[in-house]
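Written below as structure tokens is the structure these notes are about.
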């Protein structure tokens, strides 16, 4: 029987355990190094195959931008593959926007993986990743199967094995524009390159205790709520740092079956937060 629909397709968020800016290319793109972890804060997508080639999106939660990454991903795959199929894509949006959690990129990656099955393309992931990179630097990571050490603009990925951990994640009401943060004069671009062996393996340090987020100073200058959120978590967990280009921050909360400290809630109305556990594998790892 032909596969006509895929329901409850998960699109997990991510944390940048650290994020270093190590240089800049001639075309203006920044060169990065980061350890990226998947967490169990997920959007949920439902996709139904169409025979008329039309692509449509329905928002089950907060309204999304009209031309979001999901539709752009679907159009790009349709154009690259020449498929005559279309799709109805419904999105239950749970991961906050403008947070540095990669929600839009993750949605796009899950759409590519789902349509690859629904449209009977059977493309390998590296072929999907080439489409994903044109959509955004984080999309190839979400087409992988788990945590990774990212280099380049984010497209050079080396899988790393990290046991599940707990993280308290807090997102202020305000969001941040990635381009504005990268364009800030406060952003340094000369952090020394890391060695992947330094935070993996039996004698490696935990990546969330390694280095820093080089975008944090610029983000906090643009949005003081980032600093407030970081101080709120640090007071309860002893440490906190920003993920991605913000505005969300996180703090390590243990590695046992339960978090070492319960989530303390959010300090202001309009903020979002929860206790999250990192994922050893992407929910769609077997696709």
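Which one is surrounded by the most Cβ atoms within 10 Å (Cβ to Cβ) among residues in region 249-261 that are assigned to a loop (DSSP other than H, G, I, E, B) and in contact with a helix residue (DSSP H, G or I) (Cβ under 9 Å, 6 or more places away or on another chain)?
Only one residue tops the list, namely 253.
With the requirement that a residue be surrounded by 18 or more Cβ atoms within 10 Å (Cβ to Cβ) and under 27 Å from residue 70 (Cβ atoms), what does region 31-43 give you?
Within region 31-43, 32, 34, 35, 36, 37, 38, 39, 41, 42, 43 qualify.
Residue by residue through region 1-22, note down the ones that are surrounded by fewer than 19 Cβ atoms within 10 Å (Cβ to Cβ) and either more than 30 Å from residue 52 (Cβ to Cβ) or at pLDDT 85 or above (or both).
3, 4, 5, 7, 8, 10, 22
If residue 89 satisfies every condition in (1) touching a helix residue (DSSP H, G or I) at 6+ places or on another chain (Cβ under 8 Å); (2) in a loop (DSSP other than H, G, I, E, B) but one, which is the exception?
The one condition residue 89 does not meet is (2).
Being touching a strand residue (DSSP E or B) at 6+ places or on another chain (Cβ under 9 Å) and either under 16 Å from residue 168 (Cβ atoms) or crowded, with 23+ Cβ neighbours inside 10 Å (or both) is the filter here; which residues of region 217-230 pass it?
Those that are touching a strand residue (DSSP E or B) at 6+ places or on another chain (Cβ under 9 Å) and either under 16 Å from residue 168 (Cβ atoms) or crowded, with 23+ Cβ neighbours inside 10 Å (or both): 219, 226, 229, 230.
Got a number for residues in region 44-78 being part of a loop (DSSP other than H, G, I, E, B) and more than 20 Å from the chain's Cα centre (by Cα)?
Summing the residues that are part of a loop (DSSP other than H, G, I, E, B) and more than 20 Å from the chain's Cα centre (by Cα) in region 44-78 gives 6.
Here are some conditions: (1) over 18 Å from the mean Cα position of the chain (by Cα); (2) over 30 Å from residue 218 (Cα atoms). Residue 23 meets all but one. Which one does it not meet?
(2)
Could you tell me whether any residue of region 262-269 is assigned to a loop (DSSP other than H, G, I, E, B), modelled with pLDDT under 95, surrounded by fewer than 19 Cβ atoms within 10 Å (Cβ to Cβ) and in contact with a helix residue (DSSP H, G or I) (Cβ under 6 Å, 6 or more places away or on another chain)?
Looking through region 262-269, at least one residue is assigned to a loop (DSSP other than H, G, I, E, B), modelled with pLDDT under 95, surrounded by fewer than 19 Cβ atoms within 10 Å (Cβ to Cβ) and in contact with a helix residue (DSSP H, G or I) (Cβ under 6 Å, 6 or more places away or on another chain).
Scan region 53-67 and give yes if some residue there is in contact with a strand residue (DSSP E or B) (Cβ under 7 Å, 6 or more places away or on another chain) and under 30 Å from residue 212 (Cβ atoms), otherwise no.
No; the residues of region 53-67 include none that is in contact with a strand residue (DSSP E or B) (Cβ under 7 Å, 6 or more places away or on another chain) and under 30 Å from residue 212 (Cβ atoms).
What is the one condition in (1) surrounded by fewer than 24 Cβ atoms within 10 Å (Cβ to Cβ); (2) within 30 Å of residue 222 (Cα to Cα); (3) touching a residue at least 24 places away in the same chain (Cβ under 8 Å) that residue 171 does not satisfy?
Checking residue 171 against (1) surrounded by fewer than 24 Cβ atoms within 10 Å (Cβ to Cβ); (2) within 30 Å of residue 222 (Cα to Cα); (3) touching a residue at least 24 places away in the same chain (Cβ under 8 Å), the one that fails is (1).
Tell me, which strands (runs of 3 or more DSSP E) lie completely within region 137-248 with 2 or more residues that are under 15 Å from the mean Cα position of the chain (by Cα) and at pLDDT 95 or above?
Per the criteria, 148-152, 166-171.
Go through the residues of region 93-115 one by one and say whether even a single one is surrounded by fewer than 20 Cβ atoms within 10 Å (Cβ to Cβ) and outside any loop (DSSP other than H, G, I, E, B).
No, region 93-115 contains no residue that is surrounded by fewer than 20 Cβ atoms within 10 Å (Cβ to Cβ) and outside any loop (DSSP other than H, G, I, E, B).
When you go through (1) under 30 Å from residue 208 (Cα atoms); (2) surrounded by 19 or more Cβ atoms within 10 Å (Cβ to Cβ) one by one for residue 25, which number turns out not to apply?
(2)
The values are calculated or read from the model by the stated rules, or taken from the named source; none is laboratory data. Every value quoted in this text rests on a predicted model; they were computed, and no experiment measured them. Counting neighbours? That spans all protein chains shown, and the Cβs are built from the backbone with ideal geometry, glycine included.
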